[in-house]
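Asker: This is the structure I have questions about; it appears just below.
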Amino acid sequence: MNRVFRICLILVFALAPAVWAAEVHDVRLWRAPDHTRIVFDLTSPASHKLLVLDNPARIVLDITDARLKTDLAALPLADTPIARFRSGVREGTDLRVVLEMSAKVNPRSFALKANQQAGDRLVLDLYDQNGSATTATVKKSVKQPSAKRDIIIAIDAGHGGEDPGASGPKRLREKDVVLSIAKELHRLFENDAGFNPTLIRTGDYYISLRGRRELARKRQADLFVSVHADAFKRKEANGASVYALSTSGATSTAARYLAQRENAADLVGGVSLSDKDDLLAGVLADLSMTSTLDTSLQLGGRVLRKMDTIAHLHKTRVEQAGFAVLKSPDIPSILVETGFISNPTEASKLATRSYQKKMARMIHAGVKDYFLDHPPQGTLLAWQKQQGGRQYTIASGDTLSDIAQRFNVSVNDLKDHNGLNSTRIMVGQKLTIPTT
Ligand SMILES: [Zn+2]
């Protein structure tokens with residue numbers, strides 16, 4: 001910066017400092033399994049510099065022409081590699097934020113422009129160097145013979161971290177509701193023999209849309225289920241729906257609207273690189289995609305039919321639109337809208353544990369229903385089907401011991417074969433009857 005310009009700058013500052021400088025009006029922190037994200041909310045764009053210093057380990061963030069208008073001491077530092085935040089003024093006008101570290105990290109920083117949902121932001125991601133938390137453990141069922149693998153269900157709770165998703169009355173946030181439903185769904189599949197669920201998001205942090213697909217692929221998922229509870233322009237809009245990917249246009253205005261909203265999540269969630277979906281354009285035309293899509297549609301239909309028993313349906317068939325999170329060419333993927341959080345009646349239901357559990361049970365039942373009929377090759381379920389294990393759908397009034405007697409098997413065999421922990425059964429539930 002030359003001298004004359006600097007003098008001019010000081011003059012301008014003296015005249016209208018508030019207009020010139022960016023203010024950091026909020027700082028938010030999210031801990032993910034493999035990194036810590038810190039978001040600085042700015043009143044206007046600002047440039048920044050990142051420095052990594054040793055002895056003691058520090059990360060220094062210099063924000064040009066900026067002032068701190070919030071308290072850094074309130075940030076939740078538990079489980080993070082940050083011991084302490086400090087801040088100061090540098091060169092009279094710049095803001096310096098110093099992070100005193102307790103562990104080594106790989107930092108990355110980037111600026112995000114203001115958009116419809118959020119203002120200008122500066123994002124600082126600190127990736128853990130030990131990375132021990134990154135490898136998600138895929139549980140192996142003990143009961144299962146080694147050659148007969150489990151069906152892996154990737155459960156994706158939408159949004160998270162600085163992307164709250166839709167908000168409803170009484171500060172109800174989509175990201176919290178869907179995480180709770182996702183965890184319940186995970187719990188249900190954990191109790192099933194032949195299924196191995198994995199949560200894509202386990203806490204309150206953001207994962208990019210492409211990152212979600214990549215995690216599902218890494219974990220070799222047989223199915224990807226994304227759980228949402230969205231908002232619509234009209235608050236009267238209500239009902240549950242299931243979506244699959246569309247390779248051409250959207251099947252309805254609502255589908256198009258929601259896909260646009262969901263695809264904007266990366267802008268809110270803070271991802272510097274745009275999702276490179278152009279690469280997928282060719283893949284989408286691929287035949288494998290057609291069969292994946294066919295599975296997604298059939299499976300989505302089963303889930304929809306189960307949800308019909310507890311919720312009003314927004315549309316009675318699986319809708320389709322260009323949801324970025326569903327663009328895995330080889331993993332059947334569905335997006336379940338459990339209801340509209342923008343609708344007061346539905347929001348009050350979605351806020352309760354009992355309804356969240358009910359919703360999870362219906363998604364679980366629909367997915368299980370499909371896989372019992374169409375088990376992927378090499379799975380325990382496929383093997384059971386080959387063994388000629390008969391299926392029985394539970395009718396009202398049935399008890400487990402009745403059914404066991406009828407098919408001449410023991411209650412314990414029946415429970416083991418179907419991964420049941422108790423003798424509690426539900427009407428409509430399908431049991432595989434073991435061959436004796
Ligand atoms: Zn959503």
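The values are calculated or read from the model by the stated rules, or taken from the named source; none is laboratory data. Computed from a prediction, not measured in an experiment: that's the story for all the values here. Cβ sites come from the backbone with ideal geometry, for glycine too, and all protein chains shown count toward neighbours. Ligands, DNA and RNA are excluded from the accessible area calculation, which covers all protein heavy atoms including side chains. Shrake-Rupley method; radii C 1.70, N 1.55, O 1.52, S 1.80 Å.
Asker: Does at least one position in the stretch 177-185 carry a residue that is among the acidic types (Asp, Glu), under 15 Å from the mean Cα position of the chain (by Cα) and either over 17 Å from PRO332 (Cβ atoms) or within 15 Å of the ligand (Cβ to nearest atom) (or both)?
Answerer: Taking the stretch 177-185 first, the residues among the acidic types (Asp, Glu) are 184.
Then keep just the ones that are under 15 Å from the mean Cα position of the chain (by Cα); that gives 184.
Applying the additional criterion that residues be either over 17 Å from PRO332 (Cβ atoms) or within 15 Å of the ligand (Cβ to nearest atom) (or both) yields 184.
Looking through the stretch 177-185, at least one residue is among the acidic types (Asp, Glu), under 15 Å from the mean Cα position of the chain (by Cα) and either over 17 Å from PRO332 (Cβ atoms) or within 15 Å of the ligand (Cβ to nearest atom) (or both).
Asker: May I pose another question? Determine which single condition GLY378 fails, assuming it passes every other condition in (1) at negative phi; (2) exposed (fewer than 13 other Cβ atoms within 10 Å of the Cβ).
Answerer: For GLY378, the exception is condition (1).
Asker: While we're here: Counting only residues that are within 13 Å of the ligand (Cβ to nearest atom) and modelled with pLDDT of 85 or more, how many does the stretch 226-239 have?
Answerer: Adding up the residues that qualify gives 6.
Asker: While we're here: Of the numbered conditions (1) touching an Asp or Glu at 6+ places or on another chain (Cβ under 6 Å); (2) within 13 Å of the ligand (Cβ to nearest atom), PRO164 fails exactly one; give the number of that condition.
Answerer: Every listed condition holds for PRO164 apart from (1).
Okay, residues lined up against (1) at pLDDT below 90; (2) of a type in the set (Phe, Trp, Tyr); (3) within 16 Å of the ligand (Cβ to nearest atom):
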| site | (1), (2), (3) |
| --- | --- |
| GLN298 | no, no, no |
| ARG302 | no, no, no |
| ARG305 | no, no, no |
| ASP308 | no, no, no |
| SER342 | no, no, yes |
| TYR355 | no, yes, no |
| GLY366 | no, no, no |
| GLY389 | yes, no, no |
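Asker: Something else: Does ARG317 qualify as being of a type outside the set (Ser, Thr, Tyr) and assigned to a loop (DSSP other than H, G, I, E, B)? Step through it out loud before you land on a result.
Answerer: On the way: of a type outside the set (Ser, Thr, Tyr): yes; assigned to a loop (DSSP other than H, G, I, E, B): yes.
It is true that ARG317 is of a type outside the set (Ser, Thr, Tyr) and assigned to a loop (DSSP other than H, G, I, E, B).
Asker: How do the pairs read when you match residues in the stretch 413-429 that are on the phi > 0 side of the Ramachandran plot with residues anywhere that are part of a loop (DSSP other than H, G, I, E, B), using Cβ under 7 Å and keeping only pairs 6 or more apart or on different chains?
Answerer: As it stands, the answer is GLY419/ASN191; GLY419/ASP192; GLY419/ALA193; GLY419/GLY194; GLY428/ILE394, since those pairs meet every condition given.
Asker: Let me ask you something else. Count, please, the residues in the stretch 173-194 that happen to be surrounded by 22 or more Cβ atoms within 10 Å (Cβ to Cβ), at pLDDT 95 or above and under 27 Å from LYS385 (Cα atoms).
Answerer: Counting residues in the stretch 173-194 that are surrounded by 22 or more Cβ atoms within 10 Å (Cβ to Cβ), at pLDDT 95 or above and under 27 Å from LYS385 (Cα atoms) gives 2.
Asker: Restricted to the stretch 320-336, and to residues that are in a strand (DSSP E or B) and within 16 Å of the ligand (Cβ to nearest atom), which residue is surrounded by the most Cβ atoms within 10 Å (Cβ to Cβ)? Explain how you work it out, then say what you get.
Answerer: Taking the stretch 320-336 and keeping what is in a strand (DSSP E or B), we get 320-321, 333-336.
Within this subset, residues satisfying the condition of being within 16 Å of the ligand (Cβ to nearest atom) are 321, 333-336.
Working: ALA321: 24, SER333: 30, ILE334: 28, LEU335: 28, VAL336: 28.
Only one residue tops the list, namely SER333.
Asker: Do the conditions hold for THR36, that is, is it among the hydroxyl-bearing types (Ser, Thr, Tyr) and under 27 Å from the mean Cα position of the chain (by Cα)? Explain how you work it out, then say what you get.
Answerer: On the way: among the hydroxyl-bearing types (Ser, Thr, Tyr): yes; under 27 Å from the mean Cα position of the chain (by Cα): yes.
It is true that THR36 is among the hydroxyl-bearing types (Ser, Thr, Tyr) and under 27 Å from the mean Cα position of the chain (by Cα).
Asker: Of everything in the stretch 217-256 that's out of contact with any Asp or Glu (no Cβ under 9 Å at 6 or more places or on another chain) and assigned to a helix (DSSP H, G or I), which residue is most open to solvent (accessible area, probe 1.4 Å)?
Answerer: LYS218
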